[in-house]
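Worksheet for the structure shown next.
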Amino acid sequence: MAAVGIEIRPAEDADRRAIATLLAAVAEERDGIATEPPVDVDARADAWRLDGTIVAVADGAVVGQVHVEASRFGFGELGMMVAAGWRGRGVGTALVAAAIDRARERGLHKVTLGVFPHNEAAIGLYRKFGFVEEGRLRSHMRRANGELWDVIEMGLLL
């Protein structure tokens with residue numbers, strides 16, 4: 001179920017630049033995703049894997065995306081981002097629901113993800129869907145400023 005006025009659909013080739021632009025914008029925030037600026041939008045657009053990518057579109061603009069990268073071991077790793085102005089409006093909920101449905105359709109038995117401990121809104125969203133904390137990677141992610149951030153690993157058996 002999508003938020004009002006939001007279309008949830010598989011990504012298309014024409015979405016590549018919009019997804020890369022969204023990535024650049026979310027990276028500028030420097031706190032919710034691993035990617036930090038600068039982001040080469042053209043290179044990211046060219047390299048984006050559309051298979052397993054779902055977008056949220058409002059008024060013709062991509063306002064969120066989720067990607068589940070299927071492994072050869074039967075699980076998929078989820079990565080997601082939502083434009084700042086669209087958070088708290090059901091976009092993340094709709095994207096996670098669509099990603100779980102798609103993972104089941106693909107025959108995956110589990111979906112995993114990594115999330116920064118300070119990203120309480122994302123952790124709450126994932127818990128709402130039944131994801132549980134499976135571990136914590138201490139000082140795992142080196143940030144551009146030299147800080148070392150923990151990552152919480154979460155999983156959902158399907």
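Coordinate-derived values only; no laboratory data. None of these values were measured; they are calculated from a predicted model. Please note: Cβ atoms are built from the backbone with ideal geometry, for glycine as well, and neighbour counts cover all protein chains shown.
What number of residues within region 57-82 satisfy the criterion of being farther than 21 Å from Gly114 by Cβ and surrounded by 17 or more Cβ atoms within 10 Å (Cβ to Cβ)?
Residues flagged as farther than 21 Å from Gly114 by Cβ and surrounded by 17 or more Cβ atoms within 10 Å (Cβ to Cβ) within region 57-82 amount to 4.
Answer yes if at least one residue in region 21-37 is touching a helix residue (DSSP H, G or I) at 6+ places or on another chain (Cβ under 6 Å) and among the acidic types (Asp, Glu), and no otherwise.
Yes, some residue in region 21-37 is touching a helix residue (DSSP H, G or I) at 6+ places or on another chain (Cβ under 6 Å) and among the acidic types (Asp, Glu).
Among the residues of region 98-134, how many are among the aliphatic types (A, V, I, L, M), surrounded by fewer than 18 Cβ atoms within 10 Å (Cβ to Cβ) and either touching a His at 6+ places or on another chain (Cβ under 8 Å) or within 22 Å of Gly5 (Cβ to Cβ) (or both)?
Total meeting the criteria: 1.
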